[in-house]
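S.K.: One structure is given below, represented as structure tokens, and several questions about it will come after.
The values are calculated or read from the model by the stated rules, or taken from the named source; none is laboratory data. Because the structure is a prediction, the values reported are computed rather than measured. No Cβ is skipped: glycine too gets one built from the backbone with ideal geometry, and neighbour counts run over all protein chains shown.
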Amino acid sequence: MTDYWLPANLHERGVELADVIVSRVGTDIVGPADYWIEMPERVVDEPTRPQPATSWGDGFICLDLGPDDKDTWTRFEALAETDHDPESVARRAQVWRLPVTPYRKSPTPLPPHDLGYCSRTIDSKSLTVIDLTSMWAGPLCTELLARSGARVIKIEPSCRPDGLRYGDGDNGLGQAPMFKELNKSKEIADIDLRYCSEGGEFHRLLRAADLIVTSLSPRANMNLGITPEQLRSINPDIAVLTITAFTSASDESDWVAYGTGVHATSGYGWQMGRPVTPAFSYPDPLAGLEACAVALGQMMRDLPQVCRISLDKSVAALECTP
């Protein structure tokens with residue numbers, strides 16, 4: 001039987017972040033922080049639990065695979081079976097763009113995100129946000145921005161829907177409860193960024209926007225031509241917020257990983273001499289709340305025009321919380 005684990009001060013950190021957001025908006029758009037922290041438990045009767053650690057060689061790895069990854073993993077596994085080093089296997093798997101991470105035995109020493117200081121509140125009603133996020137962290141950030149009054153346009157191509165759309169509790173219509181709650185206040189635009197052209201709908205939206213939030217990997221942003229430099233060449237005034245698994249200063253800065261994988265690498269996934277599985281992907285709501293606070297600061301021009309939030313630094317902030 002798997003013992004599921006959560007950080008002891010997770011909810012306290014959520015309350016702190018909610019307070020920062022409320023102070024920047026001037027009204028409570030968050031409500032009880034526990035709701036967002038525990039979303040799988042609150043909106044789904046029987047949420048799917050993260051997969052337990054997988055024994056590999058002399059350690060453990062986290063396989064946070066989606067349905068599209070399983071065939072690729074089968075091919076990779078056959079090639080990597082003689083490699084008994086979890087660190088080596090994870091790095092090799094990342095070349096295949098597989099969300100595989102090693103379980104590490106001590107917390108990564110990272111400073112927390114600088115959420116900045118804002119001495120005033122923002123009226124978001126005249127602001128436009130382009131949402132290039134999916135799953136949990138990014139959509140939480142942009143949903144709260146929408147609830148603050150901003151116009152949020154979620155780019156979700158029908159050929160590649162948000163990974164939560166058909167998740168737990170969906171009846172086959174793409175209306176899974178977590179997806180609905182995290183995207184209920186947004187407009188959705190069916191735009192495939194692989195085929196955007198100058199003067200097209202995406203560029204038109206971009207020129208009129210105040211902020212763009214992306215949770216695509218740095219490599220995907222580059223391949224699609226939506227790096228901060230390229231976005232600002234189209235709209236010099238736009239603020240850019242990227243949400244990634246790992247900080248830009250780390251060796252894993254371009255790795256593909258989700259919250260459970262970040263939990264594994266953070267060191268918090270190793271307790272009492274063994275790997276532990278989180279009850280749910282807690283790094284995601286932490287990063288989502290932090291991203292919202294930073295986005296509000298960016299739109300007030302109190303924070304840099306280009307910012308990056310990473311799940312690993314959001315987790316590292318837990319040990320900085322009293």
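S.K.: Does segment 161-177 contain any residue that is closer than 22 Å to I238 by Cα and either out of contact with any helix residue (DSSP H, G or I) (no Cβ under 9 Å at 6 or more places or on another chain) or of a type outside the set (K, R) (or both)? Give the derivation first.
M.R.: Taking segment 161-177 as the starting set, the residues that turn out to be closer than 22 Å to I238 by Cα are none.
No, the conditions are met nowhere in segment 161-177.
S.K.: Oh, and also: For residues that are part of a loop (DSSP other than H, G, I, E, B) and out of contact with any helix residue (DSSP H, G or I) (no Cβ under 7 Å at 6 or more places or on another chain), scanning just segment 119-128, find the one that is surrounded by the most Cβ atoms within 10 Å (Cβ to Cβ). Steps first, please.
M.R.: To start, the set of residues in segment 119-128 that are part of a loop (DSSP other than H, G, I, E, B) comprises 119-123, 127.
Add one more test, that the residue is out of contact with any helix residue (DSSP H, G or I) (no Cβ under 7 Å at 6 or more places or on another chain), and what stays is 119-120, 123.
Values: S119: 7, R120: 9, D123: 12.
Ranking the candidates gives D123 first.
S.K.: Select from segment 234-266 the residues that are surrounded by fewer than 18 Cβ atoms within 10 Å (Cβ to Cβ) and either among the hydroxyl-bearing types (S, T, Y) or not in a loop (DSSP other than H, G, I, E, B) (or both) and list them in ascending order.
M.R.: Of everything in segment 234-266, those that are surrounded by fewer than 18 Cβ atoms within 10 Å (Cβ to Cβ) and either among the hydroxyl-bearing types (S, T, Y) or not in a loop (DSSP other than H, G, I, E, B) (or both) turn out to be I234, S248, S250, S253.
S.K.: Here is a follow-up. Have a look at R42, R13 and point out the one that is buried (at least 17 other Cβ atoms within 10 Å of the Cβ) and among the charged types (D, E, K, R). Working first, answer last.
M.R.: Working: R42 fails: buried (at least 17 other Cβ atoms within 10 Å of the Cβ).
Of R42, R13, the one residue that is buried (at least 17 other Cβ atoms within 10 Å of the Cβ) and among the charged types (D, E, K, R) is R13.
S.K.: Check whether at least one residue in segment 207-224 is modelled with pLDDT of 95 or more, in a helix (DSSP H, G or I), among the basic types (K, R) and surrounded by fewer than 24 Cβ atoms within 10 Å (Cβ to Cβ), and report yes or no. It would help to see each step written out before you state the result.
M.R.: At the first step, the residues of segment 207-224 found to be modelled with pLDDT of 95 or more are 207-215.
From what's left, in a helix (DSSP H, G or I): 207.
Within this subset, residues satisfying the condition of being among the basic types (K, R) are 207.
So of that shortlist, the ones also surrounded by fewer than 24 Cβ atoms within 10 Å (Cβ to Cβ) come out as 207.
Yes - at least one qualifying residue is present in segment 207-224.
S.K.: Condition check: in a loop (DSSP other than H, G, I, E, B), over 22 Å from V89 (Cβ atoms) and out of contact with any strand residue (DSSP E or B) (no Cβ under 8 Å at 6 or more places or on another chain). Does D302 satisfy that?
M.R.: Working: in a loop (DSSP other than H, G, I, E, B): yes; over 22 Å from V89 (Cβ atoms): yes; out of contact with any strand residue (DSSP E or B) (no Cβ under 8 Å at 6 or more places or on another chain): yes.
The answer is yes for D302.
S.K.: If you don't mind, another one. More than 23 Å from G163 (Cβ to Cβ), touching a residue at least 60 places away in the same chain (Cβ under 8 Å), of a type in the set (D, E, K, R) and not in a strand (DSSP E or B): does that describe R204? Spell out the reasoning first.
M.R.: Values: more than 23 Å from G163 (Cβ to Cβ): yes; touching a residue at least 60 places away in the same chain (Cβ under 8 Å): no; of a type in the set (D, E, K, R): yes; not in a strand (DSSP E or B): yes.
Spelling it out, it is not the case that R204 is more than 23 Å from G163 (Cβ to Cβ), touching a residue at least 60 places away in the same chain (Cβ under 8 Å), of a type in the set (D, E, K, R) and not in a strand (DSSP E or B).
S.K.: So which helices (runs of 4 or more DSSP H) stay within segment 7-104 end to end and still have 1 or more residues that are among the basic types (K, R) and under 27 Å from Q271 (Cβ atoms)? Can you show your working first?
M.R.: Values: elements: 10-25, 33-37, 39-43, 70-80, 86-95.
Correct list: 10-25, 39-43, 86-95.
S.K.: Note down all Cβ pairs under 8 Å where the first residue falls in segment 63-88 and is over 30 Å from R160 (Cα atoms), the second is in a loop (DSSP other than H, G, I, E, B) and of a type in the set (F, W, Y), and they're at least six residues apart or on different chains.
M.R.: Cβ pairs passing all conditions: P86/Y103.
S.K.: Let me ask you something else. Say we look at segment 91-118 and pick out the residues that are of a type in the set (G, A, S) and in contact (Cβ under 8 Å) with a residue 40 or more places away in the chain; which of these is surrounded by the most Cβ atoms within 10 Å (Cβ to Cβ)? Give the steps one after another, and end with the answer.
M.R.: Narrowing segment 91-118 to residues of a type in the set (G, A, S): 93, 106, 116.
Restricting the remaining residues to those that are in contact (Cβ under 8 Å) with a residue 40 or more places away in the chain gives 106, 116.
Working: S106: 9, G116: 17.
Looking at the filtered set, the residue picked out is G116.
S.K.: Could you list, in sequence order, the residues of segment 59-98 that are under 22 Å from P218 (Cα atoms) and among the β-branched types (V, I, T)?
M.R.: T72, V89, V95, listed by residue number.
S.K.: Same structure, new question: Of S281, S314, which residue is of a type outside the set (D, E), crowded, with 16+ Cβ neighbours inside 10 Å and within 18 Å of V100 (Cα to Cα)?
M.R.: Details: S314 fails: within 18 Å of V100 (Cα to Cα).
Just one listed residue meets the conditions, S281.
S.K.: Here is a follow-up. Just to check your reading of the model, which residue among A53, A8 is of a type in the set (A, V, I, L, M, F, W, C) and free of Cβ contacts under 8 Å to residues at least 24 places away in the same chain? Before you say what the answer is, go through the steps one by one.
M.R.: Numbers: A53 fails: free of Cβ contacts under 8 Å to residues at least 24 places away in the same chain.
Being of a type in the set (A, V, I, L, M, F, W, C) and free of Cβ contacts under 8 Å to residues at least 24 places away in the same chain holds for just one of A53, A8, which is A8.
S.K.: For residues that are modelled with pLDDT under 95 and within 17 Å of the chain's Cα centre (by Cα), tally how many sit in segment 148-159.
M.R.: Adding up the residues that qualify gives 0.
S.K.: Additional query: Specify the residue that is nearest to the chain's Cα centre (by Cα); the eligible residues are those in segment 249-293 that are of a type in the set (D, E) and closer than 30 Å to V22 by Cα.
M.R.: Within segment 249-293, the subset of a type in the set (D, E) is 251-252, 254, 284, 290.
The next check asks that each one be closer than 30 Å to V22 by Cα; those that pass are 284, 290.
Values: D284: 5, E290: 11 Å.
Here the answer is D284.
S.K.: Moving on. If you scan segment 136-152, which residues turn out to be surrounded by fewer than 21 Cβ atoms within 10 Å (Cβ to Cβ) and in contact with a helix residue (DSSP H, G or I) (Cβ under 7 Å, 6 or more places away or on another chain)?
M.R.: If the condition is that a residue be surrounded by fewer than 21 Cβ atoms within 10 Å (Cβ to Cβ) and in contact with a helix residue (DSSP H, G or I) (Cβ under 7 Å, 6 or more places away or on another chain), then G149 is the only one that fits.
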